[in-house]
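Remarks on the structure that follows.
The values are calculated or read from the model by the stated rules, or taken from the named source; none is laboratory data. As the structure is a computational prediction, the values presented were derived from the model and not from experiment. Here the Cβ positions follow ideal geometry from the backbone for every residue, glycine too, while neighbour counts run over all protein chains shown. For the accessible areas, the whole protein counts, side chains as well, though only heavy atoms, and no ligand, DNA or RNA atoms are used. Shrake-Rupley method; radii C 1.70, N 1.55, O 1.52, S 1.80 Å.
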Amino acid sequence: MQIRLNQVSADYQLGPVHSPRVLQDVSLQIAPGTFTAVVGPTGAGKSSLLKVLNGLLLPKSGWAEVGDIKIDSKTSKKALKAVRKHIGMVFQFPESQLFAETVEQDISFGPLNFGASPEAAHDLAIKMIRQVGLDESILQQSPFSLSGGQKRRVAIAGVLAQEPEVIALDEPTAGLDPSGKAELMSLFKQWNKCKRLTVILVTHDMETAARYADDAVVMDQGKVVYHGSVRSLFADSEKLNRWQLDVPEARRFQLAFETYSGIRLPNVCLTEEELAEALIGVGRV
Amino acid sequence: MNKLILGRYFPGDSPIHKLDPRAKMIAGIAFIFISFMAKNGQGLILLWLFTFFVMSLTKIGFRVFFRGVRPLIWLILFTVFLQILFTAGGIIYFTWGPIKISEFGLINALFIFSRFVTIIFVTTAVTLTTKPMELTDGLNFLMRPLRFLHVPVDELSIMLSISLRFIPNLLDETQRIMDAQKARGAVFGEGSLFRQMKALVPIFLPLFSGSLNRGEELANVMDVRGYRSELPRSSFRQLTWKIKDTVCILVILLLIAAFAVLNLVID
Ligand SMILES: Nc1ncnc2c1ncn2[C@@H]1O[C@H](COP(=O)(O)OP(=O)(O)OP(=O)(O)O)[C@@H](O)[C@H]1O
Ligand SMILES: [Mg+2]
């Protein structure tokens, strides 16, 4: 599903007062099936960008396009609902949206709203709870009795159960343990690979961005300042410095290695695996 | 939610803003009683003049005050019409069954309307110019005599200030949860009343559970930091009574005297 933003500006209305522009003339195109990381300092407008895609924050000027539905300041509620069916959105700390008596009801909430039959919703709940690495028996428990990490997974399962074509994730792994983090991220990656699901991931963690994403969008003060491949972003130390982005550890090792040894590795290494391979390659020569 | 004017603070540096909250609250409460002293045309004019005087002193647009009246307008109109329709006396202009429109009815209605609206305007002037925290400090002071009746005044006022402190958080949280449920296809404010009520469950349950958790956390934090309810408390914000506060009280006393004189002279 093609996503396009054309000169979108947006702000939040607080009674009669408007907040300063949180998005300024943002133009962006995200191709179907890509995995895009959105990075940038806090307050840059990353979460707001996701809200625009989902029709929760309507553009004051310009428009967004999701598939063939256009979102601007006058889009109808019905069209917005259609957009939301296609874009699954996992908010920061999604566990705060759990409300139903049982986990199963909570996961079925989205599918039922979007017109799935109760049987289909039931099957989806079973399928999704397994996908996020939880046991089926949890379906009959109250969501409020679960641990933080379990709640997070249930909330994510609820969004995936909508069977969206695009998922927008706002720091989905913040506060999870390292293995839970890796597990969830590989789940998203696998969906991206096998189902050609478009993934848009907001993250502060450059390791995650480097390991899982293909493309990167850098935001700063409400503007998109970079959109290109992750690899060329991390190749350019000067840009990273300017936007105060961390350098992934493997890449940092590579830079230090190249300075001390005077040997240049053939490509930009973003993960330990790539680095190991490159080093072995150099050693053989 | 954004329309509610009661309990809002409008920042500013007008003379009214600078008054001590205790003076403002005493004056506001006194005004409620004073408004009942207006018994004749001159008194009515004085009441309105004083009200507009206070309103213009706050340097807040009159539109804001009118918005404050709006939620109560139906109640006011209802009482006013009741007065007009069912009070007899004086010249009768119109009769239809039990309904009489009479001179006394119209005059009574005018007085009731004026009392309602001036009271709302003046109390709104107090709340618009006083920070919520100042209001609770003032309230704490005014409730002090109740201590002798073993009313836990300090606990009540800390409860009040904590509640006030968390209102903005609660509004933010409501917005966040609404967004999250909308993203999952929930629709608000559509369909039958029953459906609309049902649509609120996915907002209120997480909101309640979140607030309960936060309350518990806060209680623990207060415990850890040594909060004890039975000990006397000092306050970080000290209220200081200044000359202008005495002037404010004097003005109110003067107003009471003026009404008393008016009532005596006219009768
Ligand atoms: N509900 C809101 N009402 C008013 N202003 C808001 C609201 N949400 C965000 N903002 C403002 O919009 C700007 C961008 O916020 P946004 O949440 O999009 O940033 P972000 O890039 O997601 O930051 P973070 O990394 O901290 O999550 C900020 O200046 C913020 O103050
Ligand atoms: Mg954010």
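Against the criterion of being on the phi > 0 side of the Ramachandran plot and within 15 Å of ligand 1 (Cβ to nearest atom), A:Gly45 qualifies. Search the stretch A:18-29 for residues being within 23 Å of B:Lys182 (Cα to Cα) and touching a residue at least 60 places away in the same chain (Cβ under 8 Å), and hand back the single one that is farthest from ligand 2 (Cβ to nearest atom). Filtering the stretch A:18-29 for residues that are within 23 Å of B:Lys182 (Cα to Cα) and touching a residue at least 60 places away in the same chain (Cβ under 8 Å), the one farthest from ligand 2 (Cβ to nearest atom) comes out as A:Leu23. Among residues of the stretch A:38-95 being assigned to a strand (DSSP E or B) and facing another protein chain (nearest Cβ under 10 Å), the one that is nearest to A:Val154 (Cα to Cα) is A:Val90. Beta carbons closer than 9 Å, at least 6 apart along the sequence or on distinct chains, pair a first residue in the stretch A:168-197 that is open to solvent by 20 Å² or more (accessible area, probe 1.4 Å) with a second that is of a type in the set (A, V, I, L, M) and away from ligand 2 (no atom under 16 Å from the Cβ) for A:Leu176/A:Leu184; A:Glu183/A:Val132; A:Glu183/A:Leu176; A:Lys189/A:Val199. Answer with yes or no whether B:Ala199 is open to solvent by less than 70 Å² (accessible area, probe 1.4 Å), at pLDDT below 90 and under 20 Å from A:Ser108 (Cβ atoms). When the stated conditions are applied, B:Ala199 passes them. Of all residues being in contact (Cβ under 8 Å) with a residue 24 or more places away in the chain and assigned to a helix (DSSP H, G or I) in the stretch B:141-154, which is nearest to the chain's Cα centre (by Cα)? Just the residue, please. Of everything passing the filter in the stretch B:141-154, B:Leu142 is nearest to the chain's Cα centre (by Cα). When B:Phe204 is tested against (1) within 14 Å of chain A (Cβ to nearest Cβ); (2) without any contact (Cβ under 8 Å) to a residue 24 or more places away in the chain; (3) within 30 Å of B:Gln238 (Cα to Cα), only condition (3) is not met.
Taking A:Ile107, is it open to solvent by less than 40 Å² (accessible area, probe 1.4 Å), out of contact with any strand residue (DSSP E or B) (no Cβ under 9 Å at 6 or more places or on another chain) and within 11 Å of chain B (Cβ to nearest Cβ)? Judged against the criteria, A:Ile107 is a match. Here A:Asp246, A:Asp220 are screened, and the one residue that is over 14 Å from the mean Cα position of the chain (by Cα), of a type in the set (D, E, K, R) and within 16 Å of ligand 2 (Cβ to nearest atom) is A:Asp220.
Residue-wise test of (1) within 30 Å of B:Val201 (Cα to Cα); (2) among the β-branched types (Val, Ile, Thr); (3) within 16 Å of ligand 1 (Cβ to nearest atom).
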{"residue": "A:Arg4", "(1), (2), (3)": "no, no, no"}
{"residue": "A:Leu23", "(1), (2), (3)": "no, no, yes"}
{"residue": "A:Ala31", "(1), (2), (3)": "no, no, no"}
{"residue": "A:Pro59", "(1), (2), (3)": "yes, no, yes"}
{"residue": "A:Lys78", "(1), (2), (3)": "yes, no, no"}
{"residue": "A:Phe91", "(1), (2), (3)": "yes, no, yes"}
{"residue": "A:Ala100", "(1), (2), (3)": "yes, no, no"}
